[in-house]
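Chemist: Structure in structure tokens, see below.
The values are calculated or read from the model by the stated rules, or taken from the named source; none is laboratory data. Quick caveat, the model's predicted, so the values are computed rather than measured. Here the Cβ positions follow ideal geometry from the backbone for every residue, glycine too, while neighbour counts run over all protein chains shown.
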Amino acid sequence: MFLGTIIYGLLNSAVLAVMAIGFNLTFGISGVANFAYGAMYIFSAYLSWTLFNLLEWPYWLAVCTSVLLTMLLGALMYQFVLLRVRGQALAEVIATFGIGLAILELFHYLGLVGFEYTLPVLVDDGVMIGDTMVDWQRILVTGVAGLLVAGLWAFTHHTRLGLAFRGIAQDERTALTLGIESDRIAMLSVALGCGLAALAATVIIPLGSISPSEGYEVLIKALAVCIIGGLGSTGGVIVASLVIGFAERFTDSYLSSHWTMIVSLAAILLVLGVKPSGLFGRQKELEERI
Amino acid sequence: MERRKERIDRGIKVRAGDVFALSSWREMLYLLAPRLIPVLGFLILPLVLNAYWQKVLLSVAAFALLAISWDILAQTGMVSLGQSLFFGLGAYCSGALSHGFGWHPLLALPTAAVLGGLLGTLCLLPVLRLRGVYFSMVTLIIPLMLVRIVEATKIFGGTEGLSGIAPLPSKWIELYLIVTVLLAALFGFRRLMDSDYGLVLKAIRDNDRSVINAGINIYWFKAQALFIASSLAALTGAFMTHVYMFVGMPVFALDYSILPIAAAVVGGPGTLAGATVGAVILVPLSEALRGIGGLRIVFYGLFLVVFIVALPEGIFHYIQRKYHQFERWVEVQ
């Protein structure tokens, strides 16, 4: 049981990291707290489901299309809504929250809930580690988590666009004087964040099923991971997903599944109260609290 | 030839702002009308409406109170995404007092307001130092957490809730109580926000560091604003508990967080009157849209976005401007 809990803690952490990384990227670069993140996750899941099951497109084409369309939706959201309230953090929060709410409640209204609303697993098989059964899909998620973290690190440190991303994250005005168009970069960062949400949906949804309430859950989990790790810090995301992932699994096996959510929420409150910039966020301390 | 819009105060506004206001009926009316219309409206409407719309008026008043409470917090620089926290705490306090100890509703209401206010303040006291988005995130999370705690520990009836709570003595007491509370809160807190005390609160929103510089303890003031806002929302929650004769996990639902924000944003944040106007528009609208069921929340979400982008000042400021000023096109030199 103990070994099983450890293994599942690790896999759970990978799921959390994949969920949170897009939110973290957008916030870290453009400072936009994208509260429509959970809605983007669910939107892309339903989109791939529709393309794959109703229109019977090949799987890879359906997934790629839905990721691209979600990115496009994110870019449109930035261009038509966020651009006009840019810089007013609270207006941004209310606007993105409103969009997310509208999308999620629309799906809720359409009532697309049930076991048939799920995406296919890539490999329908498992492997025994010790005496614990682990399915390949979860291992795939772990692999994706590793690839994403490494890929994003390489992207932000070694490509022109990635360096521009970090430029506007550090100082928007100085970046402007160097010819980096901050509005366009911010738009790209929102779009990329939404695309990562879509990617996360593609690999995580097969573990369960698609439902609008999942959208709120994803948003809360992404917020939890990002707050604990420090908003905008990739290292923080990894450490925080490990913390929450293990905490959740251990409460689940040794206490009761009712307390799983409470533990992660309590962890957020604790970290926010003591160190609001999170475990690894060092910049902008004065903007966060006084 | 380029032109621009020029806004000039109406003559009557300038005269009415002075002692001359007392010299003519027209100017007195100009000053009084905006105040008398809501007062008379809220006092007369219960008499002319039928039983169904009386219930709607009840929820208009309740959501207006929640929106006012949100606006007080927002004016102090604390934007809450979880008004349902305060609402739910008040509801559970009143429910427990009434159900557990058999208190009379009229006694349980004020007690629950104070108790709920204190609990709400205590919940957020540890994060009082947080600013902006970070505070909002915490307020979004706490109600969700309380729901789970109620679910997990099965206190206060757990998922079933407490039912059979004593109602208020009569329908008329119910209606006029909430309407009176609303009018008192609207005008009282408007006055408060215009006083020196309110000035300090607004200054905390505008620039908290310079308020600290002026030797004012901003945490103490923020805690007070939190208490004012949360006890107002707790009172609303307690009141609705006695109206529904039930309290359960739905009191922490998203509705009670979203509708007040939508009302305040649509009506115009920063005036309290705007919050009331927003509730007066949105709640009956949502009743009219009852047929479409769950789609209502979709519309609230879209309303929020449209107003934040297209009319960020809100309806109330817009009307106020038209009332006080006239506009004309002039040529740019």
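Chemist: Give the number of residues within region B:54-84 that are within 25 Å of B:L285 (Cα to Cα), part of a helix (DSSP H, G or I) and within 14 Å of another protein chain (Cβ to nearest Cβ).
Modeler: Qualifying residue count for the region: 6.
Chemist: Among the candidates B:V150, B:V138, single out the residue that is facing chain A (nearest Cβ under 9 Å), modelled with pLDDT of 80 or more and either in contact with a helix residue (DSSP H, G or I) (Cβ under 7 Å, 6 or more places away or on another chain) or on the phi < 0 side of the Ramachandran plot (or both).
Modeler: Exactly one residue qualifies, and that residue is B:V138.
Chemist: Among A:F43, A:F80, A:F97, which is the only one that is under 19 Å from A:I21 (Cα atoms) and within 10 Å of another protein chain (Cβ to nearest Cβ)?
Modeler: The conditions single out A:F97.
Chemist: Let me confirm something: among B:I258, B:I228, which residue is touching a helix residue (DSSP H, G or I) at 6+ places or on another chain (Cβ under 7 Å), within 14 Å of chain A (Cβ to nearest Cβ) and of a type outside the set (S, T, N, Q)?
Modeler: Result of the check over B:I258, B:I228: B:I258.
Chemist: Provide a single number: the residues in region A:162-196 that are over 15 Å from A:Q79 (Cβ atoms), in a helix (DSSP H, G or I) and of a type in the set (D, E, K, R).
Modeler: 3
Residue by residue, here is whether (1) in contact with a helix residue (DSSP H, G or I) (Cβ under 7 Å, 6 or more places away or on another chain); (2) more than 30 Å from A:F246 (Cβ to Cβ) holds:
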{"residue": "A:Y8", "(1), (2)": "yes, no"}
{"residue": "A:A17", "(1), (2)": "yes, no"}
{"residue": "A:N24", "(1), (2)": "yes, no"}
{"residue": "A:G28", "(1), (2)": "yes, no"}
{"residue": "A:S44", "(1), (2)": "yes, no"}
{"residue": "A:C64", "(1), (2)": "no, yes"}
{"residue": "A:L69", "(1), (2)": "yes, yes"}
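Chemist: Going through region A:216-259 one residue at a time, which ones are touching a residue at least 24 places away in the same chain (Cβ under 8 Å), at the interface with chain B (Cβ under 10 Å from one of its Cβ atoms) and of a type in the set (A, V, I, L, M)?
Modeler: A:L219, A:I220, A:L223, A:A224, A:I227, A:L231
Chemist: Okay, next question. Could you please let me know if B:E327 is within 18 Å of B:D9 (Cβ to Cβ), more than 9 Å from chain A (Cβ to nearest Cβ), surrounded by 13 or more Cβ atoms within 10 Å (Cβ to Cβ) and charged (D, E, K, R)?
Modeler: Judged against the criteria, B:E327 is not a match.
Chemist: Here is a follow-up. Take the conditions more than 29 Å from B:G301 (Cβ to Cβ), touching a residue at least 24 places away in the same chain (Cβ under 8 Å) and crowded, with 24+ Cβ neighbours inside 10 Å and apply them to B:A91. Does it pass?
Modeler: When the stated conditions are applied, B:A91 does not pass them.
Chemist: Which count do you get for residues in region A:100-123 that are at the interface with chain B (Cβ under 7 Å from one of its Cβ atoms) and either within 18 Å of A:I185 (Cβ to Cβ) or at pLDDT 85 or above (or both)?
Modeler: 4
Residue by residue, here is whether (1) more than 17 Å from the chain's Cα centre (by Cα); (2) at pLDDT 75 or above; (3) crowded, with 22+ Cβ neighbours inside 10 Å; (4) charged (D, E, K, R) holds:
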{"position": "A:C226", "(1), (2), (3), (4)": "no, yes, yes, no"}
{"position": "A:A240", "(1), (2), (3), (4)": "no, yes, yes, no"}
{"position": "A:V243", "(1), (2), (3), (4)": "no, yes, no, no"}
{"position": "A:F250", "(1), (2), (3), (4)": "yes, yes, no, no"}
{"position": "A:L272", "(1), (2), (3), (4)": "yes, no, yes, no"}
{"position": "A:S277", "(1), (2), (3), (4)": "yes, no, yes, no"}
{"position": "A:R289", "(1), (2), (3), (4)": "yes, no, no, yes"}
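Chemist: Sticking with this one: Within region A:231-247, does at least one residue satisfy the condition of being within 20 Å of B:V147 (Cα to Cα), in a helix (DSSP H, G or I) and out of contact with any strand residue (DSSP E or B) (no Cβ under 6 Å at 6 or more places or on another chain)?
Modeler: Looking for residues that are within 20 Å of B:V147 (Cα to Cα), in a helix (DSSP H, G or I) and out of contact with any strand residue (DSSP E or B) (no Cβ under 6 Å at 6 or more places or on another chain), one finds at least one in region A:231-247, hence yes.
Chemist: Take A:A33 and tell me if it is assigned to a loop (DSSP other than H, G, I, E, B), facing another protein chain (nearest Cβ under 8 Å) and of a type in the set (A, V, I, L, M).
Modeler: For A:A33, the condition - assigned to a loop (DSSP other than H, G, I, E, B), facing another protein chain (nearest Cβ under 8 Å) and of a type in the set (A, V, I, L, M) - is met.
Chemist: Quick check on my filter: what residues within region B:9-60 are more than 25 Å from the chain's Cα centre (by Cα), surrounded by 13 or more Cβ atoms within 10 Å (Cβ to Cβ) and not acidic (D, E)?
Modeler: B:R10, B:I12, B:K13, B:R15, B:A16, B:G17, B:A21, B:S24, B:M28, B:Y30
Chemist: What residue, among those in region B:309-322 that are within 15 Å of A:Q88 (Cβ to Cβ) and of a type in the set (A, V, I, L, M, F, W, C), is farthest from the other protein chains (Cβ to nearest Cβ)?
Modeler: Within region B:309-322, the match that is farthest from the other protein chains (Cβ to nearest Cβ) is B:L311.
Chemist: Is it the case that B:E313 is more than 24 Å from B:V179 (Cα to Cα), surrounded by fewer than 24 Cβ atoms within 10 Å (Cβ to Cβ) and acidic (D, E)?
Modeler: yes
Chemist: Anything in region A:64-110 that is among the small types (G, A, S) and within 13 Å of A:Y37 (Cβ to Cβ)? List them, or say none.
Modeler: Within region A:64-110, A:G74, A:G100 qualify.
Chemist: Separate question: Provide a single number: the residues in region A:75-90 that are in contact (Cβ under 8 Å) with a residue 60 or more places away in the chain and not in a helix (DSSP H, G or I).
Modeler: 1
Chemist: Would you call B:A225 within 21 Å of the chain's Cα centre (by Cα), over 21 Å from B:S80 (Cβ atoms) and outside any loop (DSSP other than H, G, I, E, B)?
Modeler: Criteria not met by B:A225.
Chemist: Looking at this structure, is A:G162 away from chain B (no Cβ under 14 Å), closer than 22 Å to A:V32 by Cβ and surrounded by fewer than 17 Cβ atoms within 10 Å (Cβ to Cβ)?
Modeler: Answer is yes for this residue.
Chemist: Moving to a separate point now. Can you tell me which of (1) under 20 Å from A:V121 (Cβ atoms); (2) crowded, with 24+ Cβ neighbours inside 10 Å is the one A:N24 doesn't meet?
Modeler: Exception for A:N24: condition (1).
Chemist: Is one or more of the residues making up region B:163-185 part of a helix (DSSP H, G or I) and over 30 Å from B:L57 (Cα atoms)?
Modeler: So far as region B:163-185 goes, no, none of its residues is part of a helix (DSSP H, G or I) and over 30 Å from B:L57 (Cα atoms).
Chemist: Still on this structure, I have one more. Quickly run through region B:232-284 and pick out the residues that are modelled with pLDDT of 85 or more, more than 14 Å from the chain's Cα centre (by Cα) and assigned to a helix (DSSP H, G or I).
Modeler: B:A238, B:F239, B:M240, B:T241, B:H242, B:V243, B:Y244, B:P284, listed by residue number.
Chemist: When region B:97-156 is examined, which residues are found to be among the aromatic types (F, W, Y), free of Cβ contacts under 8 Å to residues at least 60 places away in the same chain and assigned to a helix (DSSP H, G or I)?
Modeler: Hits for region B:97-156 are B:Y134, B:F135.
Chemist: Another question, then. Could you please let me know if B:V306 is over 21 Å from B:A61 (Cβ atoms), at pLDDT 85 or above and either within 14 Å of chain A (Cβ to nearest Cβ) or not in a helix (DSSP H, G or I) (or both)?
Modeler: Against the criterion (over 21 Å from B:A61 (Cβ atoms), at pLDDT 85 or above and either within 14 Å of chain A (Cβ to nearest Cβ) or not in a helix (DSSP H, G or I) (or both)), B:V306 qualifies.
Chemist: Hey, among B:A263, B:A273, B:A238, which residue is in contact with a Lys or Arg (Cβ under 8 Å, 6 or more places away or on another chain) and away from chain A (no Cβ under 11 Å)?
Modeler: The unique qualifying residue is B:A273.
Chemist: Here is a further query. How many residues are touching a Gly at 6+ places or on another chain (Cβ under 8 Å) and assigned to a helix (DSSP H, G or I) if we restrict to region A:202-219?
Modeler: 6
Chemist: Next up: Only one of (1) farther than 20 Å from B:G132 by Cα; (2) modelled with pLDDT of 90 or more fails for A:S48. Which number is that?
Modeler: It fails just one condition, (2).
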